[in-house]
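Inspection log for the structure reproduced underneath, given as structure tokens.
The values are calculated or read from the model by the stated rules, or taken from the named source; none is laboratory data. Predicted model, so just to flag it, every value in this text is computed and none were measured. Here the Cβ is made from the backbone with ideal geometry for all residues, glycine too, and neighbour counts use every protein chain on show. Ligands, DNA and RNA are excluded from the accessible area calculation, which covers all protein heavy atoms including side chains. Shrake-Rupley method; radii C 1.70, N 1.55, O 1.52, S 1.80 Å.
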Amino acid sequence: MLSYSQGVVLNARVRISLDELLLLQAEARGFSLLPRQPVNSLLAGRHASRLRGRGLAFEELRRYHEGDDIRTMDWKATARLRTPQVRVYTEERERPVLLIVDQRQSMFFGSQRAMKSVVAAEAAALGLWRALDGGDRVGGLVIEDDQIAKVRPHRSRQRAMQLLHEIVRANHQVVPDRKGRHASIDGAHRLNEALKQTVQIAKHDHLIVLISDLDGADDETQRLTTRLAAHNDMIVVAVYDPLGASLQGTPGMMANDRGRLHQIPASASFTEEFRKAFQRNLDRWREIFRSLRVPVLPISTVKSVPDQVRSRLGHPTAAR
């Protein structure tokens, strides 16, 4: 995935602070991560997916009564006790939410309001505060080029602060590749490594929110996403910059592709060809996620993140 070289980034906010992520708690309203969604929400059933919500916890085993759902029958207990027995479940009061936050080198790009890395941090903070306010356990994985920081889900402000600290630390570590190194090539594999670790954590009934530009996504990404979506709810927050999507540069301008510099050719059709290639790749992943019933929430770097989230999830005029 091509991105403009660092010199083009003039007006974008480069770093995020902990104070800024804390202030976003007041903005985490007007949208929901629970199953009930407005009809025009990206998470409503008529779109890609209907959230299943919190899991079910076993409460007790009791004798079968007329009208009980036959699917709750415990056949082993029935055979052992010689009377029909059913298993009774109650909805769990809290649900684990895992935020996978991309802070790799490919995220260090932005043309106007903020870098993709900053936008990803903002989106993660909004999800964190919304989930915590809803009574869910919150944890996450922060993807860097050389490591993955992990915070196990827990329903406490202390654990939430730990995750925010990790996001800020990683955000301040990500830098442009000035020396033409190929660290971002290795970083592309970190996306799949984070998903592998998520598979080990999220066995079932988690809400997984992947916040990334999907740089380096491949067949293994699809395989791991398929495994996660089979037993969990999943949302992909696709962070993008309009300039990076269109590459509207002048001939001779340098672009950076994972540590390798390329010169934009003088061909008049290059910009349109690049835009079409970008769109084809985007459409491919949208179709993949749609087939898995995983909604994709596109978030631009040039607009307010809270406003975009509320607009996409069906509450564009919600009071702040």
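Quick notes on this structure:
- Table column - 3J(HN,Hα) (Hz), segment 77-88, Karplus curve with 6.51, -1.76, 1.60, x for Gly and Pro: 5, 4, 5, 6, 9, 6, 9, x, 10, 10, 9, 9
- In this view, the solvent-accessible surface of Met161, computed with a 1.4 Å probe and all protein chains in place, comes to about 40 Å².
- R0 of 45 Å, Cβ-Cβ distance Arg223-Asp19: FRET efficiency to nearest 0.05: 0.70
- Fully extended contour minus Cα-Cα distance, from Val175 to Gln279, at 0.36 nm per residue: 34.8 nm
- Sequence-distant residues sharing a close amide H with Ile235 (under 5 Å, placed H): Ile208, Val209, Leu210
- Gain in span if fully extended, Arg80 to Asp68, counting 0.36 nm per residue against the direct Cα distance: 2.4 nm
- Taking amide hydrogens as placed 1.01 Å from N in the peptide plane, the amide H of His154 sits under 5 Å from those of Val138, Gly139, each at least 5 positions away in sequence or on another chain.
- Cα-Cα pairs of segment 86-157 separated by more than 16 Å (percent): 56 percent
- Hz values of 3J(HN,Hα) by residue in segment 155-170 - Karplus curve (6.51, -1.76, 1.60), Gly and Pro given as x: 8, 7, 5, 4, 5, 4, 5, 4, 5, 4, 4, 5, 5, 5, 4, 5
- Potential lengthening of the chain between Asp133 and Leu61 amounts to 22.7 nm, from the contour at 0.36 nm per residue minus the alpha-carbon distance.
- Bridging of Lys116 to lysines at a Cα separation below 18 Å is possible for Lys303, once same-chain residues fewer than 8 apart are set aside.
- Here the 3J(HN,Hα) profile of segment 198-214, calculated from phi with Karplus coefficients 6.51, -1.76 and 1.60 at θ = phi - 60°, is 5, 4, 6, 8, 8, 6, 6, 6, 9, 9, 10, 10, 8, 10, 6, 8, 6 Hz, Gly and Pro shown as x.
- List Phe109, Phe278, ordered by accessible area with a 1.4 Å probe, largest first: Phe278, Phe109
- Using a probe of 1.4 Å on the protein chains alone, the accessible area found for Ser17 is around 40 Å².
- Computed from the Cβ-Cβ distance with R0 of 41 Å, the FRET efficiency linking Arg87 to Asp307 stands at 0.35.
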